Amino acid sequence: MEAEGIMEQRSSDTTIHDLPDHILQHILSLLFSTKYAVQTCVLSKRWVYLWKDISNILLPQTGFKSRQQFINFVSRFYQVYDCSNIRSLFFCCQVGEDAPQINEWLQGFINPNIQELSVYVGETKEPLVFPEHLFTCATLTKFQVCMKHIFKIPFSIQFESLRTLTLNSIIFPDTSSTQQFFNGCPCLEVLDLYYCNWMNVDSVCICPPMLQKVTIIEGRGKDKPNEATRVSNYCNVMIDGNSLKSFSYKGDLRNDYFLYSSTSVMIASVDIHAPKSWNKNAALFVFKLLHALSNAENLSITPISLSV
């Protein structure tokens, strides 16, 4: 009984400082921003270098008093941190005039062994340039990018492990490279297309054999497209639904999405924004979509969609 009491006393006296380094580093990697992980270096000598071995890096501009303060922090961090440790990177900021600087960071932060990458930069005067080795990365499982500019796609693409892809506000460069990009995602399971600009693309076929969920949002919304994205060639986007379980469309009919082999879809929703005028193309679009989703067990349709 006395021994048990001693053990309980010791257990109750355990503090965070008693945890092994790898546990502490995991805790640091879960903080809202890597900035806070770096700030722990003042706690004691043991904590001075703990943050340098974390593999989950989060660099949001939120939390800094000014954009310049954020730029200064990331510049210093980039100089002292070993980027080969990164397995997950979240980067979010307003680019402004610093596209060359941010492109340099991306070249360094994105190593050949990265597993998850999320980059949100919104509007930028110059396109972000991702390192070419990213597009043949064998370990990448999740890729999210938000950028109101042309998405530069290299010649060689092979995302052999990519499962989740989110493209937000990007401008696809042309038909050939866009098709090549989607062909390079054979293991894709989840695809989100938010406010993308297809004006340079005539048609594209998205046919990963394991694709299970597709979400499309375009046109009106909180993130309205800029003037360049208002122009559309009505791109024909064909989606192979052979393994598809969930499909959602919300938009203003600016592109033609066609599902084929979609009998496996179980959950679906169609939300059409009120067009300025009714036309046969709009009616045909909705008719084809509903016909493709006729086997869905759970189908949500807005009144405007029915009116169309």
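The values are calculated or read from the model by the stated rules, or taken from the named source; none is laboratory data. For clarity, every value in this text was computed on a predicted model and none was experimentally measured. With ideal geometry, Cβ positions are generated from the backbone for all residues, glycine too; neighbour counts draw on all protein chains shown. Quick note on the areas: whole protein, heavy atoms, side chains included, nothing else; ligands and nucleic acids left out. Shrake-Rupley method; radii C 1.70, N 1.55, O 1.52, S 1.80 Å.
Determine whether the stretch 107-118 contains at least one residue that is in contact (Cβ under 8 Å) with a residue 24 or more places away in the chain, under 19 Å from Thr178 (Cα atoms) and outside any loop (DSSP other than H, G, I, E, B). No: the stretch 107-118 contains no residue that is in contact (Cβ under 8 Å) with a residue 24 or more places away in the chain, under 19 Å from Thr178 (Cα atoms) and outside any loop (DSSP other than H, G, I, E, B). Residues that are of a type outside the set (A, V, I, L, M), open to solvent by 10 Å² or more (accessible area, probe 1.4 Å) and not in a loop (DSSP other than H, G, I, E, B) within the stretch 190-205 comprise Asp192, Tyr194, Ser203, Cys205, listed in sequence order. Selection of the stretch 154-190 for residues being among the aromatic types (Phe, Trp, Tyr) and modelled with pLDDT of 95 or more yields Phe159, Phe172, Phe181, Phe182. Taken as a whole, the stretch 247-258 holds no residue that is open to solvent by 50 Å² or more (accessible area, probe 1.4 Å), outside any strand (DSSP E or B) and either under 27 Å from Lys148 (Cβ atoms) or at pLDDT below 95 (or both).
Of the residues in the stretch 142-150, at least one is under 22 Å from Pro173 (Cα atoms), part of a loop (DSSP other than H, G, I, E, B) and open to solvent by 20 Å² or more (accessible area, probe 1.4 Å). Scanning the stretch 53-85 for residues that are of a type outside the set (A, V, I, L, M, F, W, C) and touching a Cys at 6+ places or on another chain (Cβ under 9 Å) turns up Pro60, Gln61, Thr62, Arg67.
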